[in-house]
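Student: What follows is a structure written as structure tokens; I'll ask about it next.
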Amino acid sequence: MKAALVIPLRYILILLLLTGLIIGYSVLLGAAEFQRMDGGDRSTLTLLYLVRGMKSGLYLGGILAVIICIRSVLSLRSARSLALMLLFIVAMPTFFFGYYGVRQLENSALSPDYVHLTGLSPAVIHQFSGGGVYHRETNTNLLLDVVLYHHSTPVYPGPEDLKEGVHLVPVESEIPRLSSLESVVYNSSAEEIIVNQRSNATPDSRALVIPVDEISNSRAALFHRSGIIGDIDTTVGLLFETLDEYADDMSYRYAALIFSLMLFLFSTFVFMRLTRWPLINFILAVIVNIAGLMLTRVHELFFIRDIAGSFLRERAMGYIAPGLLSFIAIIFIIMNVFLPSIKEWSREVGE
């Protein structure tokens, strides 16, 4: 009984440790990847990174903390069901009220228009596949005093500046490709430099778009995440955006999504005793929870929206992912019935 009561306390301690580590990493990553664009109080920038780290700590750190504690539950000699129930009772409100509290802190202390971030350092020549770009300073979502060199089509003045009878010609070696621009748009959400001055003056009628992750010497490129890590990072960010929206309204969708995430997390208990090798079981549980994270975006699939749109309102789309996660969690719980008892499993692995 005492060992069962210790499990929730162990969860809180592990969660605090992991959250602290994730917050530290978030601040370190932010310091390396971004810089202030238009000045201001540096403490606001630090608070922004703290909020990001706290969100990731509550969710990602919470997943690892629960899985570690479930492993401890399996090691108990008795009262396993009680320990698991106490763990759920503590973990569920910790994430529910913890994330809500962090979101309120974010809303009260951070203005979305106050902090502007970029991974591009001023007064540095940034190289990309087509050339290079230099800017003297930044202001809001603009790069100021820009010098652009491009290997192909140079930047021409807008059509209003072209005199009658002047036509654009294919780029030749003698045509200068170095252009001086007063300002260039920087899309911080998409992390792209957009040179719109090309759009109405080039044969393709398109702007020059330079993704920041293609720039070889930006600080953002040092921490660029691709492949499955990039997908997870993007999905976590979108999940937080959804939770932010639901938390602002404190709607039933917020409660449904968090409950389904927690139910799915605890249902992966079945994978913690799937084989006789605890480390493999731990890895399986983590992988399954990553897959569950991906399922939170299922309502974005066009065919899902087409089918559900015929009988669901837009607001109700937010219940699709919680419903699917809960359904899969119930299947995992049913699977647990067909596995050997925990006592037999413990005896087999030598615990």
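Student: For all pairs of alpha-carbon atoms in the range 246-350, what percent lies in each bin of width 10 Å, listed from the first bin to the last filled one?
Tutor: 14, 37, 27, 15, 6, 0
Student: How high is the FRET efficiency from Leu9 to Asn336, r the C-beta distance, R0 25 Å, rounded to 0.05?
Tutor: Given R0 = 25 Å and the Cβ-Cβ separation, E is 0.50.
Student: Please give the peptides 178-186, 49-57 ranked by average Cβ packing (other Cβ atoms within 10 Å per residue), highest first, as a rough proxy for protection.
Tutor: The peptides rank, most packed first, as 49-57, 178-186.
Student: In whole angstrom, note down how far apart the Cα centers of the range 260-275 and the range 43-113 are.
Tutor: 17
Student: What's the FRET efficiency of Val147 with Ala316 using the Cβ-Cβ distance as r and R₀ = 56 Å, to the nearest 0.05?
Tutor: 0.60
Student: How far apart, in nanometres, would the label points at Thr235 and Lys2 be if each is projected 7 angstrom from Cα along the Cα-to-Cβ direction?
Tutor: Output for this residue pair reads 4.2 nm.
Student: Right, here's the next one. Just need the relative contact order of the range 246-350 here, percent rounded to a whole number, with Cα pairs under 8 Å and 6+ apart.
Tutor: 38
Student: Taking the mean number of other Cβ atoms within 10 Å as a proxy for protection, how do you rank 60-71, 8-19, 241-252 from highest to lowest?
Tutor: Highest to lowest by the protection proxy: 60-71, 8-19, 241-252.
Student: Can you tell me the FRET efficiency between Val185 and Asp244 if r is taken as the Cβ-Cβ distance and R0 is 25 Å, rounded to the nearest 0.05?
Tutor: The value I calculate is 0.45.
Read-outs: derived from the displayed coordinates by stated rules, not from any lab. Small disclaimer: the values here were computed from a predicted structure and weren't measured. Cβ: placed from backbone, ideal geometry, glycine included. Neighbour counts: every protein chain shown.
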